[in-house]
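Q: Here it is: the structure, laid out below.
The values are calculated or read from the model by the stated rules, or taken from the named source; none is laboratory data. This is a predicted model, so every value here is computed, not measured. Cβ placement follows ideal geometry from the backbone for every residue including glycine, while neighbour counts extend to all protein chains displayed.
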Amino acid sequence: MKICVLGLWHLGSVTAACGAKYFDVVGLDFDAANIAKLNSGQAPLLEPGLNELIAAGLAAKNLSFTTDPKIACAHADVLWLTYDTPVNESDESDVDFVLGNLRRALPSLPTGALVLISAQLPVGTCAKLEKEFPQFHFACSPENLRLGKAIDSFEKAERAIVGIRTEAKKALLEQLFKPFAAQTIFMRTESAEMVKHALNSFLALSITFINEVARLCEHTGADAKEVSVGLKSEARIGPKAYLGPGGPFAGGTLARDVVTLSKLAEANGEKISVIPAIKQSNDLHRGWAFRRLQSRLGDLRGKKISVLGLTYTTNTDTLRRSAAVELCQQLLAAGATVFAFDPAVKKLPSELNSVSLGNDISAALAGADAAAVCTEWPQFRQADWAKIIPQMRSPVFVDANRFLEKELKGLSGVEHLSVGRA
């Protein structure tokens, strides 16, 4: 099987590299600098194991990268659309960007080929494309990757959701997903598109629900971690439920689908209340760490606050939509002096010019009035906290997810503030 993977950032790079273990894959992207980097064996962003997987595919000649759609699509059985759909600051998807690039590639694709859409696009996209390009078959398989754990989640998926209109390409899709998923669940295209919106929105709902419960726990003496254990012990909820009290959901992935469903309701004159409230609740919770620092320290002007971790999540160097970056901006606006440390960040973006970037944890925390634990890098747990704590002016830790609970427990004078604990 010959596959063209179109759109080579996180989702596309992982898809192309994993796919090349079993198929002949050509990666297509119209960013020449990105293609040059990939052809040298370098992924466009940090993802554990991805550089090695790309290099292996290149060496085996099962993987190549190009900016030329004629080269990439000429003999393809499948064009796999894998753009990480951009979102603006209001969590609205830039659908035109993705579909514009798809339209640049389709004239080079053989008639009768399959276009498989894994990019995050609104429900109804396949139907529109079928009318515009009746010479192709269209299918939808929502992506299910996680930054920092993407290869494992791609190669060991519990299931693949696939929406397709006809039986014509079903066998091809079964062959495509067989190496990666324990089962393939087929449904109509609109249902598969809706699965992604609904799944992300449900996960977002779970997170916002437990965080609202947790904030009530802070006022009543209840412990939200214990409440979470009680909820997950209920068979109708289950142990894997997204009910861990802590920080808000960040980035644009979950919020994008909440906004998509909210706009879908508005466009169709359907009044809904639960789904729009998810984003409202999460936006409020995004200010928890800043409010907790204010409640503990009062006026933040002149106070030194250390921020541990800046990236969106661990095992990536992505800062876009990071809750830690937002916290730094809030602290600076309040007049605080901000120091930060992140093992994956060597240079700060322009909006954080006033933040001092430490070379290690100790340098970032020296003389600090408080510290906020934002990205849960394992290196933070390995630090010698017994030596670091005395260097702080005031050992106050705002740690939403209780990441350093064991490490800080019992250390003299430490105040450990977490979501859902009085």
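Q: If you check PHE23 against the conditions, is it more than 22 Å from the chain's Cα centre (by Cα), crowded, with 21+ Cβ neighbours inside 10 Å and under 27 Å from GLN135 (Cβ atoms)?
A: No, not satisfied.
Q: Going by what's in this entry, would GLU47 be described as out of contact with any helix residue (DSSP H, G or I) (no Cβ under 6 Å at 6 or more places or on another chain) and within 28 Å of THR318 (Cβ to Cβ)?
A: no
Q: Any chance you could count how many residues in segment 217-240 are in a loop (DSSP other than H, G, I, E, B) and farther than 22 Å from HIS416 by Cα?
A: Summing the residues that are in a loop (DSSP other than H, G, I, E, B) and farther than 22 Å from HIS416 by Cα in segment 217-240 gives 8.
Q: Please state which one of LEU284, LEU300, LEU254, LEU243 is out of contact with any helix residue (DSSP H, G or I) (no Cβ under 7 Å at 6 or more places or on another chain) and among the aliphatic types (A, V, I, L, M).
A: Values: LEU300 fails: out of contact with any helix residue (DSSP H, G or I) (no Cβ under 7 Å at 6 or more places or on another chain); LEU254 fails: out of contact with any helix residue (DSSP H, G or I) (no Cβ under 7 Å at 6 or more places or on another chain); LEU243 fails: out of contact with any helix residue (DSSP H, G or I) (no Cβ under 7 Å at 6 or more places or on another chain).
Sole residue among the options that is out of contact with any helix residue (DSSP H, G or I) (no Cβ under 7 Å at 6 or more places or on another chain) and among the aliphatic types (A, V, I, L, M): LEU284.
Q: Please identify the pairs in which a residue from segment 162-184 that is buried (at least 21 other Cβ atoms within 10 Å of the Cβ) has its Cβ atom under 6 Å from the Cβ atom of a residue that is in a helix (DSSP H, G or I) and among the hydrophobic types (A, V, I, L, M, F, W, C), counting only partners at least 6 apart or on another chain.
A: VAL162/LEU173; GLY163/ALA192
Q: Could you please give the count of residues in segment 27-48 that are small (Gly, Ala, Ser) and part of a helix (DSSP H, G or I)?
A: Residues flagged as small (Gly, Ala, Ser) and part of a helix (DSSP H, G or I) within segment 27-48 amount to 3.
Q: Ok, one more. Search segment 224-252 for residues that are under 18 Å from THR375 (Cα atoms) and touching a residue at least 24 places away in the same chain (Cβ under 8 Å) and pair each with any residue that is assigned to a loop (DSSP other than H, G, I, E, B) and acidic (Asp, Glu) when their beta-carbon atoms are under 6 Å apart and the residues are at least 6 apart or on different chains.
A: GLY252/ASP91
Q: Determine the pairs where a residue that is in the same structural domain as ALA16 (by TED's automatic domain parsing), located within segment 66-81, has a partner that is of a type in the set (Lys, Arg) with Cβ atoms under 8 Å apart, the partner being 6 or more residues away or on another chain.
A: PRO69/ARG104; HIS75/LYS2; ALA76/LYS2; ASP77/LYS2; VAL78/LYS2
Q: Go through segment 381-414 residue by residue and tally those that are more than 25 Å from the chain's Cα centre (by Cα), of a type outside the set (Val, Ile, Thr) and either in a strand (DSSP E or B) or not assigned by TED's automatic domain parsing to the domain that holds ALA324 (or both).
A: 1
Q: While we're here: Report yes if GLY358 is modelled with pLDDT of 95 or more and not acidic (Asp, Glu), otherwise no. If you could, list the steps in order and put the result at the bottom.
A: On the way: modelled with pLDDT of 95 or more: no; not acidic (Asp, Glu): yes.
No; evaluated as a whole, the condition is false for this residue.
Q: So which of ALA204, ALA250, ALA214 is aliphatic (A, V, I, L, M), under 27 Å from PRO122 (Cβ atoms) and in a helix (DSSP H, G or I)?
A: Just a single option satisfies the conditions, and that option is ALA204.
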